[in-house]
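Some notes on the structure that comes next.
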Amino acid sequence: MNVAFFTNYIYTPHFETELELIQLHLDKGDTVYHFVCDKHLVSCDFNPNGDLLKCIACTSKRSKGQELLTNNENYHEIKISKPKNKTFNSLPELHFNSIAELRQYKIDNFEIGDAALSSLVSIVRDPEPDLKVFHDMLSRIILSAHYCYHFFQSELLAYSIDTFYNFNGRFATNRAALRAAQKKSVPVLIHERGHNFKTYELFDNVLPHEIGPFIDRASKAWEQNADAENKNQVAHDFYKNRASGKDQGWVSFTKDQKKGLLPEHWDETVDNIVIFNSSEDEYVSIGKDWDSGFFETQTKLMLKLMNDPRLSDKKIWVRLHPNMKTMAKKYLEKTYAALQGNIELIMPESPINSYDLMHASNKILTFGSTVGIEATYWGKPSILLGPSFYKAFEATHNPESYEELIAMLLDKDLKALAQENTLPYGFHINSFGIPFRIYQPKNLFEGEFKGFDLSTAFDYAKWEKVSLTRGWHWFYHKLNTLNHKLRLKKYV
């Protein structure tokens, strides 16, 4: 069996996951082709600016991991700078007048505009990036994705690959590789984190973020588990652990909030509606599944609610998602300025406890945040606006229009839906994944592969400090500029 891996996202535990899968295939006697970037791509999501030091950090960590592989007679490293068949000398489009125009840009079956925007938004933490300001970065992202799309179409067939492993699939170069494999009918397994730091998951030929496949997996996991007591316990534990601030598959955003703390002017005698927004950069340009329904943006819908006279006797609060505190300053300032008025803002860094806020409220509105289904679990009427992994589980009220939303907000008899409807989602989120067998994780971001911490392979912080010191800074800047020019010559 011929299997292939594409490593261009070196963060722990994702690279270590690839090493584990490579080792397992080598131990079975399979032939492994490991496609790696040899400082060739002008941009990747680990190193969007093509910084030379980051390239060295990446290749150093990767090389050390490769040294630890055993039974490696059938292991082959393939540098992506050296394709067997150079048949892709055309250049992609690099100039766009709007985000809408960028999102329309496709090459064959590859939504390269969406993929590039997804990477750009994640890098700059702004769901509405200025394409003129970030033109150079976006151009590098598109050039790299364009190259990968054509490269993998050629090389996956050249090496007769039976299964292709790829990370995440959302980011530009990884989605390029995914779509290339799909175009050539090469089976793809996407790897990502599992339900906790001790597990990873494999997704068969789909993005982990696709809603339909998620619903299928969660429903099957619930229906096929005959141990009712166990699966119910696992599901209940998910919601209880979330409320207690315990890290699960990702960091808890509420563990540092102060329990029992509500806003200073909270009045329990009025009808309190709490909106839990989402950090919009997380799901920009994944696919049509995640496009908003009857509203353009969260902020615009909240403004409409704020100015609707039918809600004048309601107190509307907005709990801005804690993850927003690291978003682009310009975007945050624009959001804050727009929402000042009849809506009470609870800032991302506020210690006010989200769960106390939920329990004290009369109704909850969310845009897909997990707190939407959690509210139902804890007995609160929960209204979901837009797409979500849990929308199909009949655990939330799902208005299909603005007027339907208003009717729900005005309905004094709106009840929470059944808690039992939340359990299949909770069970799946708290149990999916494959336990690591070789990689030994310490937490969500640290661990050892075969007893070695690969993050120590290159001291990036030390060398970055040196590069910024007087005397070295000028030299490093010139060296980095030359490096950029030489790399771009390979593309244009």
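The values are calculated or read from the model by the stated rules, or taken from the named source; none is laboratory data. From a predicted model like this one, the values you see are computed outputs, not experimental measurements. Here the Cβ positions follow ideal geometry from the backbone for every residue, glycine too, while neighbour counts run over all protein chains shown. Note: areas computed on protein heavy atoms with side chains; ligands, DNA, RNA excluded. Shrake-Rupley method; radii C 1.70, N 1.55, O 1.52, S 1.80 Å.
Does LYS315 count as touching an Asp or Glu at 6+ places or on another chain (Cβ under 8 Å), more than 24 Å from PRO387 (Cα to Cα) and exposed (fewer than 15 other Cβ atoms within 10 Å of the Cβ)?
no
Which of the helices (runs of 4 or more DSSP H) contained wholly in the range 205-318 include at least 3 residues that are among the aromatic types (Phe, Trp, Tyr) and touching a residue at least 24 places away in the same chain (Cβ under 8 Å)?
Hits in the range 205-318: none.
In the set ASP126, ASP114, ASP130, which member is of a type in the set (D, E, K, R), surrounded by fewer than 24 Cβ atoms within 10 Å (Cβ to Cβ) and assigned to a helix (DSSP H, G or I)?
Of the residues listed, the single one that is of a type in the set (D, E, K, R), surrounded by fewer than 24 Cβ atoms within 10 Å (Cβ to Cβ) and assigned to a helix (DSSP H, G or I) is ASP114.
Restricting to the range 169-189, name every residue that is at pLDDT below 95 and not small (Gly, Ala, Ser).
ARG170, PHE171
Name the residues in the range 268-292 that are under 29 Å from the mean Cα position of the chain (by Cα) and closer than 25 Å to LYS412 by Cβ, would you?
ILE273, VAL274, ILE275, PHE276, ASN277
Looking only at the range 261-268, decide whether some residue is out of contact with any helix residue (DSSP H, G or I) (no Cβ under 9 Å at 6 or more places or on another chain), surrounded by fewer than 19 Cβ atoms within 10 Å (Cβ to Cβ), more than 29 Å from VAL234 (Cα to Cα) and among the aliphatic types (A, V, I, L, M).
Narrowing the range 261-268 to residues out of contact with any helix residue (DSSP H, G or I) (no Cβ under 9 Å at 6 or more places or on another chain): 264-265, 267.
Remaining after also requiring surrounded by fewer than 19 Cβ atoms within 10 Å (Cβ to Cβ): 264-265, 267.
Okay, now just the ones that are also more than 29 Å from VAL234 (Cα to Cα), so 264-265, 267.
Checking the rest, the ones that are also among the aliphatic types (A, V, I, L, M) come to none.
Looking for residues that are out of contact with any helix residue (DSSP H, G or I) (no Cβ under 9 Å at 6 or more places or on another chain), surrounded by fewer than 19 Cβ atoms within 10 Å (Cβ to Cβ), more than 29 Å from VAL234 (Cα to Cα) and among the aliphatic types (A, V, I, L, M), one finds none in the range 261-268, hence no.
Test ILE429 against the criterion of being more than 30 Å from GLU229 (Cα to Cα) and not small (Gly, Ala, Ser), and give yes or no.
no
If I ask for residues that are touching a residue at least 24 places away in the same chain (Cβ under 8 Å), part of a loop (DSSP other than H, G, I, E, B) and surrounded by fewer than 21 Cβ atoms within 10 Å (Cβ to Cβ), which ones from the range 387-398 would you list?
PRO387, PHE389, GLU394, listed by residue number.
Looking at ARG193, ARG217, ARG242, which one is at pLDDT 95 or above, open to solvent by 30 Å² or more (accessible area, probe 1.4 Å) and either under 17 Å from the mean Cα position of the chain (by Cα) or within 14 Å of TYR355 (Cβ to Cβ) (or both)?
ARG193
Pull up the range 27-61, narrow it to residues that are touching a strand residue (DSSP E or B) at 6+ places or on another chain (Cβ under 6 Å) and open to solvent by less than 20 Å² (accessible area, probe 1.4 Å), then point me to the one that is farthest from ALA457 (Cα to Cα).
Looking at residues that are touching a strand residue (DSSP E or B) at 6+ places or on another chain (Cβ under 6 Å) and open to solvent by less than 20 Å² (accessible area, probe 1.4 Å), I get ASP30.
Suppose we filter THR326, THR366 for residues that are buried (at least 21 other Cβ atoms within 10 Å of the Cβ), touching a residue at least 40 places away in the same chain (Cβ under 8 Å), of a type outside the set (Asp, Glu) and under 24 Å from PRO208 (Cβ atoms); which single one remains?
Numbers: THR326 fails: buried (at least 21 other Cβ atoms within 10 Å of the Cβ).
Of THR326, THR366, the one residue that is buried (at least 21 other Cβ atoms within 10 Å of the Cβ), touching a residue at least 40 places away in the same chain (Cβ under 8 Å), of a type outside the set (Asp, Glu) and under 24 Å from PRO208 (Cβ atoms) is THR366.
Could you give every pair whose Cβ atoms fall below 9 Å, whose first residue belongs to the range 83-98 and is under 18 Å from THR173 (Cα atoms) and of a type in the set (Gly, Ala, Ser), and whose second residue is at pLDDT 85 or above and open to solvent by less than 100 Å² (accessible area, probe 1.4 Å), counting only separations of at least 6 or pairs across chains?
What qualifies is SER90/HIS146; SER90/HIS150.
Take LEU69 and decide whether it is open to solvent by 70 Å² or more (accessible area, probe 1.4 Å) and touching a residue at least 24 places away in the same chain (Cβ under 8 Å).
no
Quick check: anything in the range 45-56 farther than 26 Å from VAL121 by Cβ and not acidic (Asp, Glu)?
yes
From the list LEU320, LEU332, pick out the single residue that is in contact with a strand residue (DSSP E or B) (Cβ under 7 Å, 6 or more places away or on another chain), within 20 Å of VAL121 (Cβ to Cβ) and at pLDDT below 90. Walk me through how you get there before you give the answer.
Details: LEU332 fails: in contact with a strand residue (DSSP E or B) (Cβ under 7 Å, 6 or more places away or on another chain).
When all the criteria are applied, what remains is LEU320.
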